[in-house]
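**Q** Once you've had a glance at the structure underneath, I'll fire off some questions.
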Amino acid sequence: MYFAIVAIDRPGASDVRTKTRPAHREYLSAPNPGVAYRLGGPLLAPDGTTMIGSLLVIEAQDLSTAERFAANDPYRKADLFAEVSVRPWDWGTGNPDKR
């Protein structure tokens, strides 16, 4: 099952994002039991360049596994986010597995 993780940065936390980004990217590429990272990237402000959050799509066996993955992200552990949601997601269009 796929899950969308949407996280919005705390105001004024851009330095936390910058400092933690290498660890976050390493986390996404490391093996995570029961989780496959599928796609993701930063959410942007209207200026199109300022990062204000994150969107990740993962494949996991259940919601609790997806929530555990989100909780262990270095960004989350560094208290970057003001809010985080983890929701089941149906990857209908553009899914390479459904071609």
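**Q** Where the second residue is aromatic (F, W, Y) and modelled with pLDDT of 95 or more and the first is closer than 18 Å to I8 by Cβ and lies in the stretch 32-53, which pairs have Cβ atoms under 9 Å and are six or more apart or on separate chains?
**A** Note: pairs meeting the criteria are G53/F81.
**Q** Suppose we keep only residues that are under 22 Å from N95 (Cα atoms) and surrounded by 14 or more Cβ atoms within 10 Å (Cβ to Cβ) within the stretch 41-63. Which one would you say is nearest to the chain's Cα centre (by Cα)?
**A** L56
**Q** Here's a follow-up. If you check every pair at least six apart or on different chains, which have Cβ atoms under 9 Å apart with a residue in the stretch 73-99 that is surrounded by fewer than 10 Cβ atoms within 10 Å (Cβ to Cβ) first and a residue that is small (G, A, S) second?
**A** Qualifying pairs under 9 Å: K98/G92.
**Q** Give the number of residues within the stretch 34-89 that are of a type in the set (D, E, K, R), outside any strand (DSSP E or B) and either more than 13 Å from Y2 (Cα to Cα) or touching a strand residue (DSSP E or B) at 6+ places or on another chain (Cβ under 6 Å) (or both).
**A** Number satisfying all stated conditions: 7.
**Q** Still on this structure: What are the pairs, 6+ residues apart or on separate chains, where a residue within the stretch 15-27 that is closer than 9 Å to P74 by Cα and among the polar types (S, T, N, Q) has its Cβ under 6 Å from a residue that is modelled with pLDDT of 95 or more and assigned to a helix (DSSP H, G or I)?
**A** Partner pairs satisfying both residue conditions: T20/P74; T20/Y75.
The values are calculated or read from the model by the stated rules, or taken from the named source; none is laboratory data. Remember, predicted model here, so these are calculated numbers, not experimental data. Every residue, glycine among them, receives a Cβ derived from its backbone with ideal geometry; neighbour counts consider all protein chains shown.
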